[in-house]
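The values are calculated or read from the model by the stated rules, or taken from the named source; none is laboratory data. All values reported here derive from a predicted model rather than from experimental measurement. Here the Cβ positions follow ideal geometry from the backbone for every residue, glycine too, while neighbour counts run over all protein chains shown. Protein only, heavy atoms only, side chains kept; ligands, DNA and RNA dropped before computing areas. Shrake-Rupley method; radii C 1.70, N 1.55, O 1.52, S 1.80 Å.
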Amino acid sequence: MRAAIYSLGKGGMRLMNRYDVVIIGGGPAGLSAAKAASSEGACVLLTEREQRLGGILKQCIHDGFGLIKYGEKLSGSEYASREIHALDDLDIDIRKLTFVSKITKHENTPYCFTIDLVSASGVETVAAKTIVLATGCRERTAKQIEIHGTRPAGVITAGSAQYYLNIMGQMPGKNCVILGSGDIGLIMARRLTIEGANVLGVYEAKSTPSGLRRNIYQCLDDYNIPLHLSKTVSKVHGKNRVEGVTIVDVDEQMKPVDGTEEYVPCDTLVLSVGLIPENELAESLGVEISQFTKGPVCDENYMTSVKGVFSCGNALHVNDLADYVSESGYAAGKAAANFINDSNDFSAEVKFSEDFLYAVPQRISSPDANLTLYFRSRYERGKTRLTVKSKDGVILTKHYHDLRPPEMEKLNFNISDAGLSSGDYIELIMEREY
Ligand SMILES: Cc1cc2nc3c(=O)[nH]c(=O)nc-3n(C[C@H](O)[C@H](O)[C@H](O)COP(=O)(O)OP(=O)(O)OC[C@H]3O[C@@H](n4cnc5c(N)ncnc54)[C@H](O)[C@@H]3O)c2cc1C
């Protein structure tokens, strides 16, 4: 039985379940957060809007998951299954088919968050000391990339195509053009080919691919699927069903080049044009959102700008590996369980140059912090020296053979010798090596 408190609602006094930690999202990030928080002795509620735990991994039947965490090549669903079973012996309240629609922050009470849960039995409000946001990310759609033309059936995001094939057992189309060379697009190019579709090509507006190198080899090269760089879809044709698309060259500013239009007949346009962290709940709480990651700004414990609210996994920034997602979930869950609402106001900044696409965390809340720092380079680079500096000198130097935007990098280091005071910063610098 969970501890309960009486609260004054519209209908008078009512009993409200209360928890130390409420986790929103039952993907790999939320599952790890639940495990960590419960292992620390916290009373935990894990909520998931779908019928089954596992998040996006449920539909990832290809392998390549768990190499770091388990030292094995697992499918996404196998990885999810291990993470779900890791909760078996723990005393965690798990609510599936339960959507968190609203979180409210209250002052001067230890259970300072109330969370509205919507399920088949109605709306229930629970109270929590801390929140972990593990809500994942969503795909960008045709609307967000402004392709001209009609809107016939057959324009589909890569994740939806994956759901059709792997969960529903339905082919989304026969002659497919894939727009965007992100990992999901590459994986779907291979998957559609294996199931008998004709994948006419993957078209990428940038001059370099957006997906992991291993996915270019394993998903395109091994299946003779052509990758066309610096090209995009400018128009969709068809009334009821897609009949074709216009492909056009793009210049370095990503602007279409007149006179390069080419009509490609097809019945399906699969979009793999980016993922956006899902953060409506964070925004409603006033959490500061990074312009670089589109996820919350956080400290080394994954705490956001709102005390007691933590974020992890793809809700924080789009990860390429589930292993890193689980890692951030575990750290966030542990920190949430041990959170003390004290008056610590130490804050140092993590600054980075224009050479970085982003770095996480963006803040440090202890002068002795152990940092796990994730970053991506903005550009494809050859040999590079990365230096982490404070005002007193170099904290760390690392050499890279190359850096690419699709490959997220990770650094572990301690800053206790850097002598940081509140208001100071550490700085990340990339320099070319010859
Ligand atoms: C197609 C594809 C291929 C991939 N391939 C690989 C690979 O080969 N190897 C690898 O390591 N990684 C791969 N990844 C990446 C990995 O799967 C993701 O990084 C990881 O699943 C993200 O985990 P998450 O827990 O942050 O989010 P998710 O898995 O998206 O889980 C978030 C969960 O939160 C729930 N939720 C959201 N909002 C609410 C709410 N308001 N109330 C209740 N519940 C809510 C959602 O229903 C969902 O279940 C792939 C990803 C995709 C999409």
Taking the Cβ-Cβ separation of D93 and E261 as r and a Förster radius of 56 Å, what is the calculated FRET efficiency to the nearest 0.05? 0.50
Cubic angstrom per residue, convex hull over Cα atoms of the stretch 213-282: 175 Å³
Nearest-ten-degree value, helix 76-85 long axis tilted from longest Cα axis of the chain: 10 degrees
Selection from V233, V248, T141, by position along the positive dipole direction of the stretch 141-273 (Cβ): T141
Name all residues of the stretch 180-210 having a backbone nitrogen under 19 Å from the label point set 7 Å from the Cα of E407 along its Cα→Cβ direction, giving them as ranges. 181-184, 186-187, 207-210
Averaging 1/r across every pair of distinct alpha carbons in the chain and inverting yields a Kirkwood hydrodynamic radius, in angstrom, of 23.2 Å
Length gained, E354-Y379, 0.36 nm per residue minus C-alpha separation, equals 8.0 nm
Counting other Cβ atoms within 10 Å, which GluC sites (Glu not before Pro) in the stretch 194-243 have at most 14 and lie in a DSSP loop? E195
Order the following by accessible area, largest value first: S181, S421. Probe radius 1.4 Å; ligands, DNA and RNA are ignored. S421, S181
Using a 1.4 Å probe on the protein chains only, how many percent of the accessible area of the chain belongs to carbon and sulfur? 48 percent
Output the 0 to 90 degree angle, nearest 10, between the alpha-carbon long axis of helix 183-194 and the longest principal axis computed from the alpha carbons of the chain. 50 degrees
For the stretch 34-88, which GluC sites (Glu not before Pro) are both in a DSSP coil and crowded by at most 12 other Cβ atoms within 10 Å? E72
What do you get for Rg/Rh of the stretch 64-203 when both radii come from the Cα atoms and Rh is the Kirkwood radius? 1.07
Given Cβ point charges of +1 (Lys, Arg) and -1 (Asp, Glu) and nothing else, what value in debye, to the nearest 20, does the dipole of the chain about its Cα centre take? 900 debye
Debye equation applied to the C-alpha atoms of the stretch 351-432, log10 I(q)/I(0) at 0.14 Å⁻¹: -0.44
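Can you give the Rg/Rh ratio of the stretch 141-273, where Rg is from the C-alpha atoms and Rh is the Kirkwood radius?
Numbers: Rg = 13.6 Å, Rh = 14.5 Å.
Expressed as Rg/Rh, it is 0.94.
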Diffusion constant of the stretch 21-74 at 20 °C, which comes from Stokes-Einstein with the Kirkwood Cα-pair radius and 1.002 mPa s, µm²/s: 175 µm²/s
If you wrap a convex hull around the C-alpha atoms of the stretch 275-378 and split its volume per residue, what is the figure in Å³? 103 Å³
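Which loop-located GluC sites (Glu not before Pro) does the stretch 320-359 contain, where loop means any DSSP state but H, G, I, E or B and the Cβ has at most 12 other Cβ atoms within 10 Å?
Working: sites: E327, E349, E354; in loops: E354.
Of the GluC sites (Glu not before Pro), the ones in loops of the stretch 320-359 whose Cβ has at most 12 other Cβ atoms within 10 Å are E354.
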Exposed loop trypsin sites (Lys or Arg not before Pro) only (DSSP loop, at most 10 other Cβ atoms within 10 Å): please give the longest stretch of the chain free of them, not including the sites. 11-238
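Keeping all protein chains in place, calculate the accessible area per residue for the chain (probe 1.4 angstrom), answer in Å².
Working: 20160 Å² over 434 residues.
Accessible area per residue: 46 Å².
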Taking +1 at the Cβ of each Lys and Arg and -1 at the Cβ of each Asp and Glu, which of F339, L74, I115 sits farthest along the dipole of the chain towards its positive end, judged by Cα position relative to the Cα centre? I115
Please give the helix 28-39 orientation as an angle from the longest Cα principal axis of the chain, in degrees from 0 to 90, rounded to the nearest 10. 20 degrees
Counting Lys and Arg as +1 and Asp and Glu as -1, each charge on the Cβ, what is the dipole of the stretch 351-432 about the Cα centre in debye, to the nearest 20? 220 debye
Just how far, in whole angstrom, is the stretch 231-297 from the stretch 379-413 if you go by their alpha carbon centroids? 30 Å
